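The values are calculated or read from the model by the stated rules, or taken from the named source; none is laboratory data. Quick caveat: nothing in here was measured; it's all calculated off a predicted structure. Backbone-built Cβ (ideal geometry, glycine too); neighbour counts: all protein chains shown.
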Protein chains: 2
Amino acid sequence: MADTDVQNGAESAAKVRTLADLARIAGVSAGTVSRALAGNSLVNTKTREKIEAIAREHGFRPNQMASKLRRQKTGVIGVAIPLGHDVRQQISDTFFMTLLGYLADELTEKGYDLMLRRVIPAQDEDWLDRFIGSGMVDGVIVIGQSDQFERIEDVADGYLPMVVWGNHQEGQRHCVVGSNNRLGGKLAAERLIASGAKSLAFLGDTQPIEFAARYAGAKEVAAKMGVAIRPLPTHLSPERTGEEIAKHLREIEGKVDGIFAATDTIAVTCLKELRERGMEVPGQIKIVGFDDLPISSQTMPPLTTVRQDIAAGAKGLVDLLLRRLEGEDTESLVLPPHLVLRETA
Amino acid sequence: MADTDVQNGAESAAKVRTLADLARIAGVSAGTVSRALAGNSLVNTKTREKIEAIAREHGFRPNQMASKLRRQKTGVIGVAIPLGHDVRQQISDTFFMTLLGYLADELTEKGYDLMLRRVIPAQDEDWLDRFIGSGMVDGVIVIGQSDQFERIEDVADGYLPMVVWGNHQEGQRHCVVGSNNRLGGKLAAERLIASGAKSLAFLGDTQPIEFAARYAGAKEVAAKMGVAIRPLPTHLSPERTGEEIAKHLREIEGKVDGIFAATDTIAVTCLKELRERGMEVPGQIKIVGFDDLPISSQTMPPLTTVRQDIAAGAKGLVDLLLRRLEGEDTESLVLPPHLVLRETA
DNA sequence: CTGAAAGCGCTAACAG
DNA sequence: CTGTTAGCGCTTTCAG
């Protein structure tokens, strides 16, 4: 063995890729370097500074895979977006994307990284187990229950660090954060009726559980007030939606004077079709949306809608997840929606 | 040493967490299990099936951290969104979020996972090196150059697997995918002038390099045609933008009859302010946007705008990155924008 | 305060 | 076709 030929001109040229490399040129052991770089308590200040200097000089970064393997935690939270019904569009759905943005903020702030996975349950039965079992994430946030309520329930029993954005149902086992959709539906229907509508329609797919709850709330109010309400199914992707809505509008003309749209996106499209058919809003037909996206205040006329607090939702998701990571079995969080009165109803 | 006390009632109760566990109860070696689960070539079919059965029965998933450490690749692509000027809003900017959605699609399809990181360069000088050097990702996609052009350039010299969404500049060193913003700016200005505008304004921040290029293109055309053009700076966050635009509108009233908005989001807000001031579009004032977001066809009147092909952009980013992962030093990809003629100009 | 040593769980030669 | 062996690069007792 040649002796440690350290202090020659080649020193700074040598690329230092491991703790051991760095240790060698610092003349200490790998353990010490590890401790120093971790800011660990009991390392001589001189030694630490020296090590830090060398690390900086060589642009050294400890290998995270090794670190994570050793420590048995990843510092990564998985965020899954299941694309159930409307495969193509959901991921670019403005609401979910905005929620994702806030989630990224919150997680970053708490020192976690975010691993995004778009899943198509229909093509991959096992999506949730795989994500969880991948060993890549410390916990999972699922954005939207889609049509996967049961699968999520199944998993929840055996896996604590998971929180889901979606609808809350009496007695469910998975921890969910979401708006009170049923209440939101009630608010919408109440407003529509209060502003004079005599016959309602719910515009949107009623399969997704969140939408179903919105519709159910509206139905409850409608029944109580003795007005009719009918479902008008649509898809989420804007291209097809336009035609679908136009078709619905033709069919209901004169029969419906109050529309509750499942989302603002649908409401905005509807508003446009209404305009093209020359229907006056809110004169001849009233409309209420759901979400309160930024666009909603920009439409003509500005959209009356039911607001979900996205930032609060993201905060709640992260907060509950972190507590679950600590072992706490947290309750679900149901946020109250608020009616935002503008000019369409 | 006790002999392998395997086949007793406890067998199926024992939780199998490692290859070794599984190997023990299958009566083979860890190596074989590894090969079997990897679908590797030369494992006896019987053996493989047995191993797969046991794995399924116990819900076993190999630990990815260990695997990745060993194989020196992560199967993860990092996606960074630098928040330069307008810290708060950019991440929920519709355009970037839509691009992110498509990226998620593309990467998933190619078998990669996506690690999302929102960075605030002002608070973290070292963001890009850290992301790259973290050992968590095989390659990096940066969404938007923000005000970080120079930093990205610096890094590009020493790090191949990086592709950036943004503007292309003659002689730059990093690989970029993006629209020809300058050309887009020309198209916008030409259209404005062709539809009768005599004095133009560019509505939006001119600092970000992409916006600067759009403005430059418009300026070039304006100069050639002998019409004036002035910049009207705004922020991106919708709350403040409304007021800012209103203020600008007050100041330019009667002096400007053609507005080129840096993005559709800005254009939509502008349209609304214009309406509130009772200005007729396109009668009194014309307006052209940029991006062609879904909302743009829903405004009243529908927005004339310069279209960026987001899906093609995402495809290009992933495609180039994968080639760089193979060692190829790819060229940048500049996509042609298209004028979408609607009713505002 | 620091070094030595023992793995985290998996994969990939290398032998059989 | 399968077992054995030797690490990937880091963290963490356990001794000094």
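Conditions tested, residue by residue: (1) in contact with a Leu (Cβ under 9 Å, 6 or more places away or on another chain); (2) within 16 Å of DNA strand C (Cβ to nearest atom).
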residue: A:74; (1), (2): no, yes
residue: A:98; (1), (2): yes, no
residue: A:120; (1), (2): yes, no
residue: A:123; (1), (2): no, no
residue: A:139; (1), (2): yes, no
residue: A:151; (1), (2): yes, no
residue: A:165; (1), (2): yes, no
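For the range A:227-276, a residue qualifies if it is outside any helix (DSSP H, G or I) and at pLDDT below 85, and the qualifying residues are A:235, A:236, A:237. The conditions of being at positive phi and buried (at least 21 other Cβ atoms within 10 Å of the Cβ) are not met by residue A:111. Residues in the range B:126-137 that are touching a residue at least 24 places away in the same chain (Cβ under 8 Å) and either in a helix (DSSP H, G or I) or away from chain A (no Cβ under 11 Å) (or both): B:127, B:128, B:129, B:131, B:132. Taking the numbered list (1) surrounded by fewer than 21 Cβ atoms within 10 Å (Cβ to Cβ); (2) under 24 Å from residue A:94 (Cα atoms); (3) within 11 Å of chain A (Cβ to nearest Cβ) in turn, residue B:276 passes all entries but (2).
Restricted to the range B:16-113, the set of helices (runs of 4 or more DSSP H) holding at least 1 residues that are more than 9 Å from DNA strand D (Cβ to nearest atom), within 12 Å of chain A (Cβ to nearest Cβ) and under 38 Å from the mean Cα position of the chain (by Cα) comprises B:45-58, B:64-71, B:94-109. From (1) at positive phi; (2) not assigned by TED's automatic domain parsing to the domain that holds residue B:282, pick out the condition that doesn't hold for residue B:169. That leaves (1) as the condition not met.
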